[in-house]
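Undergrad: If you scroll down you'll find the structure; I have some questions about it.
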Amino acid sequence: MPYIAVLSQHLVNKIAAGEVVERPASVVKELLENSLDAGAKRINLEIEDGGKKLIRITDDGCGMDAEDLQLAFTPHATSKIRSDEDLFAIKTMGFRGEALASIGSVSQVEAISRPAENQEGYRLTIDGGEFTPIAPTAAPPGTSITIRNLFFNTPARRKFLRATNTEMGHISDQFTRIALPATSVQFILTHNNRQLHHLPENQSLIERVGMLFGNDMAAELMSIRRKDRGVEITGLVAPPSRSKPNTQGQYIFLNGRCIRDRFTSHAIREAYRGLMEINRQPIVFIFIALAPDAVDVNVHPAKAEVRFADSNLIHGQVLAAIRDKLLSSDLSRPLRGADSLTPSSFITADEEEENEISDNKQRVRQAMADFFRNARPQPPSVNPHKNGSTGNLGTRAAGRMLAKTSAAENLSPWENRGQEARDTIYTHSGEPQTISPINPEELTEAPPPHRFMQVHNAYLVAESDDGLIIIDQHALHERILYEQMHRRLQEGPLPSQRCLIPEVVDVTGRQMAALEEATELLAELGVTAEPFGPTSIAVQGYPAMLEKTNPADFIRDVLDVLSEQRGKLTREELLHSLLDTLACKAAVKAGDPLTDDEISALLAQRPAIDRHDNCPHGRPTTLRLSRSQLEKEFKRT
Ligand code: ADP
Ligand code: MG
């Protein structure tokens, strides 16, 4: 008997299902695409238990007659391609002809369909790949497909399904990606009998974006358009002041299909370069249209990735389309006028300023980096003292630091600092640099500095008894707040401040799911918020220390952190990264002018920073220049 056996068709389907059907959201995607391909004008999607129990789609598309209905669930049956040439000129969403067959092999399906020209419809049921004979039934024109108990016969896969909220978050995500560009079609999404979306037919793109993401955001979007060298780029882009901590606000559509593409993502990032904080991401909705033969959509089972014939061309066009818009728009002035008194634009004006200043900050940093690099420090080895470098630091305090660091690691303090330092200022050439992040162990014993000043509303320069220190005011304050909150949390939840009128915030399905999962965690941080309608939440309380910040912005950032980190982090780690967001929001910003009292309060708190606690970014807050280093630079020694 041969060892090798040809697998049964049933088994082949089950294996194929693994490729196309990963979770309920993948089923939803395939079904929605099929309905659009069928020319539906109205699509109704009902979900129960995150799709684990039931997914039902009803459309008014072209329908299928008895024969086609049977064929639809047969592998490699498709009405969309007939020849090789068709494969390279795909104009529909589906074409592989394997989605329905795969779905039918791992769930319990009931499909009813009727082409408008027929008097009656047909009904087909499939139970884990087993067909029952097709039978006539009364039905409206169009197709209705119900999927029950996904993966009921593949326990290994069923086990990997996540909590209802998580799966529903993925479904909402897919729904958004497909419904967003199909603005002429009506979509209704219901979960456990609660209506989440009702998108009317024949909307404009901006109306649809408003319904899916909130009208306040949509109101700020700028439209882009560029047609050149066979590529057409259109879409909506948010001003840099609207940003996200992750790429979840970026939607890229190629010929109407939502895709991921790293060239395009890179182009988007590049377009906002210098206009946005390094760790923030732009919000954009980009539509790329090009001839079907200029792209291969057949490289990914769920068609989420594509291969462009000329990816540099796409990169260049996307970059140019966005960049031109950003550079030709006055991104700041309209937000500063009299109308800046309305709460939302007021906040935006602040953020806008912050962006400008961060630009400035960037330049100052660069200038400082250049300065210190050009200062060409003497190598430590010229020094006659212990480890060849004590003399570089010279003072009592530095001596203490030296003793600690070099006892801990068998490195000279220079090397040691070089290793700790992660900021570009320190790491240009791998050579020892003249300034270093301050060692907080030393700080706890150091007396507060005597004289200080603020420069560029961003840095504090202070005299220390060993030389001078330069402090990034935002970074320092952020760390102090982080430590304070961290300590405060040991005693119980952070103080919360009740909103007089609950603040209603528009959220995405993912953010909603994240909120529902993390209610208790958020309460510890002083945040109380609950669902308020299908796509918005009401914030009733938020951390008292954030009184000056806009609760809506804060809560959206928090929900982004939560939805991105779900399942990846332990509760403790999640709490840390939320504290981090909180501290960042509450801290003084680069660009905030500080009074002398504020500065000395800030400086006085420096010693409280405990090095051994988590420093989430690992960024230094303080640079230091010792007297002996100064003397060396000025060739006094
Ligand atoms: P593909 O979409 O790649 O062709 P599917 O397995 O998703 O493969 O669907 C198989 C076929 O079933 C489609 O080509 C189409 O002819 C038919 N079909 C699927 N869903 C619908 C629908 N909602 N309305 C009309 N026809 C449909
Ligand atoms: Mg399909």
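The values are calculated or read from the model by the stated rules, or taken from the named source; none is laboratory data. These numbers come from a predicted model, not from an experiment. No Cβ is skipped: glycine too gets one built from the backbone with ideal geometry, and neighbour counts run over all protein chains shown. Each accessible area value is taken on the protein alone, full model and side chains, heavy atoms only, with ligands, DNA and RNA left out. Shrake-Rupley method; radii C 1.70, N 1.55, O 1.52, S 1.80 Å.
Undergrad: Restricting to segment 39-63, name every residue that is under 17 Å from Ala139 (Cα atoms) and either modelled with pLDDT under 95 or open to solvent by less than 40 Å² (accessible area, probe 1.4 Å) (or both).
TA: Pass one, segment 39-63, residues under 17 Å from Ala139 (Cα atoms): 40, 42-44, 56-63.
The answer is Ala40, Ile43, Ile57, Asp59, Gly61, Gly63.
Undergrad: Return the residue satisfying two criteria in turn: it lies in segment 82-116 and is among the acidic types (Asp, Glu) and modelled with pLDDT under 95, and of such residues it is nearest to ligand 2 (Cβ to nearest atom). Can you show your working first?
TA: We begin by selecting, within segment 82-116, every residue among the acidic types (Asp, Glu); these are 84-86, 98, 110.
From what is left, the residues that are modelled with pLDDT under 95 are 84-86, 98.
Numbers: Asp84: 19, Glu85: 20, Asp86: 15, Glu98: 8 Å.
Selected residue: Glu98.
Undergrad: When segment 234-261 is examined, which residues are found to be within 17 Å of Ala291 (Cα to Cα) and part of a strand (DSSP E or B)?
TA: Thr234, Ile252, Phe253, Leu254, Arg257, Cys258, Ile259
Undergrad: Let me ask you something else. Exactly one of (1) in contact with a strand residue (DSSP E or B) (Cβ under 7 Å, 6 or more places away or on another chain); (2) at pLDDT 85 or above; (3) surrounded by fewer than 20 Cβ atoms within 10 Å (Cβ to Cβ) is unmet by Ile555. Its number?
TA: Among (1) in contact with a strand residue (DSSP E or B) (Cβ under 7 Å, 6 or more places away or on another chain); (2) at pLDDT 85 or above; (3) surrounded by fewer than 20 Cβ atoms within 10 Å (Cβ to Cβ), Ile555 violates only (3).
Undergrad: Take the conditions open to solvent by 20 Å² or more (accessible area, probe 1.4 Å), out of contact with any helix residue (DSSP H, G or I) (no Cβ under 8 Å at 6 or more places or on another chain) and in a helix (DSSP H, G or I) and apply them to Arg273. Does it pass? Before you say what the answer is, go through the steps one by one.
TA: Values: open to solvent by 20 Å² or more (accessible area, probe 1.4 Å): yes; out of contact with any helix residue (DSSP H, G or I) (no Cβ under 8 Å at 6 or more places or on another chain): yes; in a helix (DSSP H, G or I): no.
Judged against the criteria, Arg273 is not a match.
Undergrad: Within segment 224-231, does at least one residue satisfy the condition of being outside the structural domain of Thr535 (by TED's automatic domain parsing) and within 27 Å of Pro534 (Cβ to Cβ)?
TA: Filtering segment 224-231 down to residues outside the structural domain of Thr535 (by TED's automatic domain parsing) leaves 224-231.
Filter once more, so that each one left must be within 27 Å of Pro534 (Cβ to Cβ): none.
No - not one qualifying residue is present in segment 224-231.
Undergrad: Do any residues in segment 34-63 that are in contact (Cβ under 8 Å) with a residue 12 or more places away in the chain and in a helix (DSSP H, G or I) have Cβ atoms under 7 Å from those of residues that are near ligand 1 (Cβ under 7 Å from one of its atoms) and open to solvent by 50 Å² or more (accessible area, probe 1.4 Å), where the two are at least six apart or on different chains, and which pairs are they?
TA: That search, which allows pairs on different chains as well, returns Asp37/Lys80.
Undergrad: Quick check on my filter: what residues within segment 478-521 are without any contact (Cβ under 8 Å) to a residue 40 or more places away in the chain and either of a type outside the set (S, T, N, Q) or touching a helix residue (DSSP H, G or I) at 6+ places or on another chain (Cβ under 7 Å) (or both)?
TA: Across segment 478-521, the qualifying residues are Arg487, Arg488, Glu491, Gly492, Pro493, Leu500, Ile501, Pro502, Val504, Glu520.
Undergrad: Quickly run through segment 149-174 and pick out the residues that are open to solvent by 60 Å² or more (accessible area, probe 1.4 Å), part of a helix (DSSP H, G or I) and among the hydrophobic types (A, V, I, L, M, F, W, C).
TA: Once the filter is applied, which keeps residues that are open to solvent by 60 Å² or more (accessible area, probe 1.4 Å), part of a helix (DSSP H, G or I) and among the hydrophobic types (A, V, I, L, M, F, W, C), segment 149-174 yields only Ala156.
Undergrad: Return the residues of segment 99-148 that are open to solvent by 10 Å² or more (accessible area, probe 1.4 Å) and of a type in the set (Ser, Thr, Tyr); say none if nothing qualifies.
TA: Tyr122, Thr125, Thr132, Thr137, Thr143, Ser144 - these are the residues of segment 99-148 that are open to solvent by 10 Å² or more (accessible area, probe 1.4 Å) and of a type in the set (Ser, Thr, Tyr).
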